Amino acid sequence: MSTWIGELFTSNVGWNHLERLVDIGDRMAGSDGEREAAAVTRDALEDAGARNARLESFEIQGWARGDSSILVGETGQDCIALPRSPADRVEAPLIDLGYGLPEDFEETDVEGAIVMVRSDMPDYYDRYVHRREKYYHAVDSGAVGFVYRNHVEGCLPPTGSVGTAADPIGEIPAVGVSSEVGARLARRFDGEAVTVSVEADVHPAESRNVHAELGPDTDERVLVTSHVDAHDIAEGALDNGAGTAMVVELANALATREDDLETRVEFVAYGAEEVGLVGSNYHADETDHDSIKAIVNNDGVVRGRTLEFTTHGFDDLEDAAEAVAARYDHPVETVPRLGPHSDHWPFVQWGVPGYHVLSTSDEVGRGWGHTFADTLDKLEKRDLREQAILLTDLVVALASEDTAVERRSPDEVADDLEAQDLAEGMRITGDWPYDD
């Protein structure tokens, strides 16, 4: 065991791939940069020793940003468009709705207004209300524009997509503003007429998923996943260059332990995650769910030192993660709640066992993610190596014939979504997959 750990702890394979990804530049879904990222990830998996490294293409709704603005009279306020915002220009009173909780929309008449909401949640609230849920509460309440205010200080306007699977382009123009601009708008212009303008190019585009394999050619498989796309305003180091670097590092480590794998391990780096989990939904629609023993989805790893495993109510996954942590006397956190916002979800929603693997944080939301500050300097090579050791052993354990992972029924998952107050938000964003 010590030999492979020593090799992994001195490996630069994953970190070198992370640098390669961030140096590409724009990796927005459907862009040339995203396609290049997929191609170099395929090559890196092949170089690591994985077999059948390949690209799988699919069509998406492309979106490219133009200029955007918030005007109060002749005075402009810095902002950026939210991806998949429609190109439009609206003038209406601004209403600062604070956190933009569902009850805030119920209690406030925002019809015909431009609504501004924060990106965080109050401490007393028992769940996270996603950006897209706030956006569609605004749409359903009759608002004509949407302003998303970052809660993280530093003059950083946030990005993040709107739109649904059925209608990829949103219904009202949407922009992100920094915490500081949001505070100025709320203090000086709440109730005043403002103009929100978005220019964007909407066009057909193509994205790619990357696949490769290790281990015996069994019908059953363990998926190790990430996403290669990133928002176009930054390097996408945290979200999610680090996740794809982890997949490559795990492939490199597992190639040296291939004799330990008793179940096939399939590595998948998805495209178009940031615009609605399009790549993973495509994969989920095209593949046999019964053949998937477990999913280890890396989205948010490395940005902190301690791993967090969202286990979605799968007790066997919680036990496996805690067993690895105990074996190395290394802290991890396990969260049994459901988390429907990354590439595990198109499978987990139907009862396929899956982790969302990320790093623990005391922050609400993404921190530097989805801003200009999502850059390589925020990450530590040590954290990638330490986490890769734990995840390598976890994948080997999941691939063992001695490890059973009980599935859940879709009804059980749906009931948990209701009990955890997540169903309402999924219905309003068009993400509720079940027949009511």
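The values are calculated or read from the model by the stated rules, or taken from the named source; none is laboratory data. In this text the structure is predicted, and so the values were computed from the model without any measurement. Backbone-built Cβ (ideal geometry, glycine too); neighbour counts: all protein chains shown. To get the accessible areas, we keep the full protein, side chains included, count just its heavy atoms, and leave off ligands, DNA and RNA. Shrake-Rupley method; radii C 1.70, N 1.55, O 1.52, S 1.80 Å.
With (1) in contact with a helix residue (DSSP H, G or I) (Cβ under 9 Å, 6 or more places away or on another chain); (2) open to solvent by 10 Å² or more (accessible area, probe 1.4 Å) as the list, and Thr310 as the residue in question, which single condition is left unmet? With (1) in contact with a helix residue (DSSP H, G or I) (Cβ under 9 Å, 6 or more places away or on another chain); (2) open to solvent by 10 Å² or more (accessible area, probe 1.4 Å) applied to Thr310, the lone miss is (1).
Selection over segment 1-32 of residues that are open to solvent by less than 70 Å² (accessible area, probe 1.4 Å), outside any loop (DSSP other than H, G, I, E, B) and within 25 Å of Val324 (Cβ to Cβ) gives a count of 9. Does Val335 qualify as being among the β-branched types (Val, Ile, Thr), in contact with an Asp or Glu (Cβ under 7 Å, 6 or more places away or on another chain) and open to solvent by less than 60 Å² (accessible area, probe 1.4 Å)? Judged against the criteria, Val335 is a match. The set of residues in segment 136-162 being of a type outside the set (A, V, I, L, M), farther than 23 Å from Ala234 by Cα and not in a loop (DSSP other than H, G, I, E, B) consists of Tyr136, His137, Asp140, Gly145. Among residues of segment 404-432 that are farther than 25 Å from Val275 by Cβ and open to solvent by 80 Å² or more (accessible area, probe 1.4 Å), those with a beta-carbon under 7 Å from a residue that is of a type in the set (Val, Ile, Thr) and assigned to a loop (DSSP other than H, G, I, E, B) at least six positions away or on a different chain give the pairs Arg407/Val352. Which residue is surrounded by the most Cβ atoms within 10 Å (Cβ to Cβ), if the candidates are limited to segment 366-388 and must be part of a loop (DSSP other than H, G, I, E, B) and in contact with an Asp or Glu (Cβ under 8 Å, 6 or more places away or on another chain)? Restricting to residues being part of a loop (DSSP other than H, G, I, E, B) and in contact with an Asp or Glu (Cβ under 8 Å, 6 or more places away or on another chain), the top hit is His370.
Quick grid of which residues meet (1) outside any loop (DSSP other than H, G, I, E, B); (2) of a type outside the set (Asp, Glu); (3) crowded, with 18+ Cβ neighbours inside 10 Å:
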position	(1), (2), (3)
Glu34	yes, no, yes
Ala37	yes, yes, yes
Ala44	yes, yes, yes
Leu55	yes, yes, no
Ile60	yes, yes, yes
Arg89	yes, yes, no
Ala92	yes, yes, yes
Ile95	yes, yes, yes
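The set of residues in segment 321-343 that are in a loop (DSSP other than H, G, I, E, B) and not acidic (Asp, Glu) comprises His330, Pro331, Pro336, Arg337, Leu338, Gly339, Pro340, His341, Ser342.
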